[in-house]
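Engineer: What follows is a single structure, and I will ask about it in a moment.
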Amino acid sequence: MTIAQRNLNERIWTINKLPVITNWDSHNYIAMAIDDDGYIHLSGNMHVVPLKYFRTAQPLNASTFVEIDRMVGTDENSTT
């Protein structure tokens, strides 16, 4: 999965390749959101597999995505 970011008044893109390979199953769509503090959340490419969730370490900086292996508890082992 590749994330690209640029300032609207610039032409240079910053590209960040995450350690996830997406496939073409329609169950595996990708969702991205920005929270009130400016952190970018990215989740997707999941269908009865472990959680694939990334969050930026710095607000509005797509080059700082880190993978997080759980969201709510320790008993998670797959996502649908």
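The values are calculated or read from the model by the stated rules, or taken from the named source; none is laboratory data. Bear in mind the structure is a predicted one, so any value in this text is a computation, not a measurement. With ideal geometry, Cβ positions are generated from the backbone for all residues, glycine too; neighbour counts draw on all protein chains shown.
Engineer: Looking only at the stretch 44-58, count every residue that is of a type outside the set (K, R), surrounded by 15 or more Cβ atoms within 10 Å (Cβ to Cβ) and at pLDDT 90 or above and tell me the total.
Structural biologist: Applying the first criterion (of a type outside the set (K, R)) to the stretch 44-58 yields 44-51, 53-54, 56-58.
Filter once more, keeping what is surrounded by 15 or more Cβ atoms within 10 Å (Cβ to Cβ): 44-46, 51, 53-54, 56.
This time we only want the ones that are at pLDDT 90 or above, so: 54, 56.
Qualifying residue count, the stretch 44-58: 2.
Engineer: While we're here: Which of the residues spanning the stretch 1-43 are outside any strand (DSSP E or B), under 11 Å from the mean Cα position of the chain (by Cα) and loosely packed, with under 12 Cβ neighbours inside 10 Å?
Structural biologist: Within the stretch 1-43, P19 is the sole residue that qualifies.
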